[in-house]
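The values are calculated or read from the model by the stated rules, or taken from the named source; none is laboratory data. Keep in mind that this is a model prediction, so the values were computed, not measured. Here Cβ is always computed from backbone atoms with ideal geometry, including for glycine, and neighbour counts include all displayed protein chains.
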Amino acid sequence: MTNYRIAYLMCTAVVVGTGLGAAPPAGHHDVHVVWPGQSIQKAVDAAESGDTVLLAPGTFHESVKVTTPGLTLRGMGRSTVLEPGTKKSAEKASESCSEGGNGICVVGTKDRDLQGVTIASLTVTGFARTGVFAMATDGLTVRDVTAVKNGVWGIAQERSVRGVIRDNTAKDNGDAGVFLANTIKEEAGASDTHGTVVDSNRLEGNRIGVTVRRLRNLTVMRNHLTGNCAGVFVVGDENKPKTGALAVRDNFVAQNNKSCPKTDRLDALQGSGIVVTGAEDTAVTGNVVKDNAGKSPLSGGIVLFKSFVGVTSDRNRITGNVLKGNAPADLVNTDPGKDNTFQGNSCRASKPAGLC
């Protein structure tokens, strides 16, 4: 079969698979097919808003920077692999991404968020910092991505809104499988994500499965978290507005008993299911949390913990969860904050007693 015929079939699959075959699009959008040995960055730079850059199966040794709104960068599944390249091989446009130790960078500007980018159906592995990193984006979708053995984060998003992180696998990354924050470069109050969703991901063997740091209006739901040091971390601090107005619901959080040493920012971790610290108005509901056990101050099934900088958690609702086999307890509350409620949970042991 000729390369032209293969490319034609691949392009046809993208059109049908994205639903575009049902009716012609209003404008003309191109599909740019890239084969191993060719430059992804050149194809991305040549693409226009609404185009798809389709990566064939095989291994690509490069980092890629996306700055075009409405672009789709898509592989053909796990067999499309991005690994670090050499500095010599880096295209000029992607140098900042590769030098930062990242695989794929989706980046807006200080004054304008990059809108409507999709990253899908590929593997990013072995990067010193992050597999897929996003900054200043609006409506970014990351789906069916496998982010494995990256130095810090599997998939990370900062200073972004309306993101969808769905149906991904993040495994054996140095810090969080999925990391979401307002910014890590300065002290600032929690920002409103306007409904970002982390949905139906598999998060295994990381330091933390999902970290939500200094954000508001975000949902973490239907994820499978196991084998991490901690499953879900909702983190606030002394800045205002406070982290909050979040939902952590319908997740399966089991056996997150990997042991991780203390860092400058966080105590040693082991056996933490869901931790809420320094947050307000957060609903933790409908989760199955079992067999998370450790001896860290943060260990337990669902843990409400006073912030390390002394900020309390207030008006959080821990309701309708199923917990068993967690240690030191299924429900742990060491936070003196106001109006936190524990109701309708199925559990056997709590610290202090009486929360079940």
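Has region 64-86 got any residue that is closer than 21 Å to Val142 by Cα and at pLDDT below 85?
Looking through region 64-86, none of the residues is closer than 21 Å to Val142 by Cα and at pLDDT below 85.
Just to be sure before I move on: is Leu331 closer than 28 Å to Ser200 by Cβ and either in contact with an Asp or Glu (Cβ under 8 Å, 6 or more places away or on another chain) or of a type in the set (S, T, N, Q) (or both) in the structure I sent? Give the derivation first.
On the way: closer than 28 Å to Ser200 by Cβ: yes; either in contact with an Asp or Glu (Cβ under 8 Å, 6 or more places away or on another chain) or of a type in the set (S, T, N, Q) (or both): no.
No, not satisfied.
Looking at region 159-178 only, could you name the residues that are under 11 Å from Thr137 (Cβ atoms), basic (Lys, Arg) and in contact with an Asp or Glu (Cβ under 7 Å, 6 or more places away or on another chain)?
Arg162
Look at region 179-216 and say how many of its residues are over 20 Å from Leu269 (Cβ atoms), out of contact with any Asp or Glu (no Cβ under 8 Å at 6 or more places or on another chain), surrounded by fewer than 21 Cβ atoms within 10 Å (Cβ to Cβ) and not acidic (Asp, Glu).
7
If the Cβ limit is 7 Å and pairs must be 6+ apart or interchain, which residue in region 94-116 that is within 13 Å of Leu140 (Cα to Cα) pairs with which residue that is assigned to a helix (DSSP H, G or I)?
If the second residue must be assigned to a helix (DSSP H, G or I), the pairs left are Cys105/Cys97.
Going residue by residue through region 127-145, is there one that turns out to be basic (Lys, Arg), at pLDDT 95 or above and in a loop (DSSP other than H, G, I, E, B)?
Filtering region 127-145 for residues basic (Lys, Arg) gives 129, 143.
When the remaining residues are screened for being at pLDDT 95 or above, the result is 129, 143.
Then drop every residue that is not in a loop (DSSP other than H, G, I, E, B), which leaves 129.
So far as region 127-145 goes, yes, one or more of its residues are basic (Lys, Arg), at pLDDT 95 or above and in a loop (DSSP other than H, G, I, E, B).
Can you give me the ranges of the strands (runs of 3 or more DSSP E) entirely in region 234-299 with at least 1 residues that are touching a Lys or Arg at 6+ places or on another chain (Cβ under 6 Å)?
Result: 243-249, 252-254, 283-285, 288-290.
Scan region 289-301 and report the pairs whose first residue is under 19 Å from Ile318 (Cβ atoms) and whose second residue is of a type in the set (Asp, Glu) and assigned to a loop (DSSP other than H, G, I, E, B), with Cβ atoms within less than 8 Å and a gap of 6+ or a chain change.
From residues that are under 19 Å from Ile318 (Cβ atoms), the pairs are Val289/Asp330; Pro297/Asp267; Leu298/Asp267; Gly300/Asp330; Gly301/Asp330.
Looking at region 315-336, which of its residues are crowded, with 16+ Cβ neighbours inside 10 Å and modelled with pLDDT under 95?
Asp335 - this is the single residue of region 315-336 that is crowded, with 16+ Cβ neighbours inside 10 Å and modelled with pLDDT under 95.
Can you find a residue that is of a type in the set (D, E, K, R), touching a Pro at 6+ places or on another chain (Cβ under 8 Å) and at pLDDT 95 or above anywhere in region 239-250?
No: region 239-250 contains no residue that is of a type in the set (D, E, K, R), touching a Pro at 6+ places or on another chain (Cβ under 8 Å) and at pLDDT 95 or above.
Condition test on Thr263, is it hydroxyl-bearing (Ser, Thr, Tyr) and free of Cβ contacts under 8 Å to residues at least 24 places away in the same chain?
The answer is yes for Thr263.
For residues in region 219-233 being assigned to a strand (DSSP E or B) and touching a Leu at 6+ places or on another chain (Cβ under 6 Å), which is surrounded by the most Cβ atoms within 10 Å (Cβ to Cβ)?
Gly231
Only one of these is of a type outside the set (D, E, K, R) and not in a loop (DSSP other than H, G, I, E, B): Val311, Val332. Name it.
Selected residue: Val332, the only one of Val311, Val332 that is of a type outside the set (D, E, K, R) and not in a loop (DSSP other than H, G, I, E, B).
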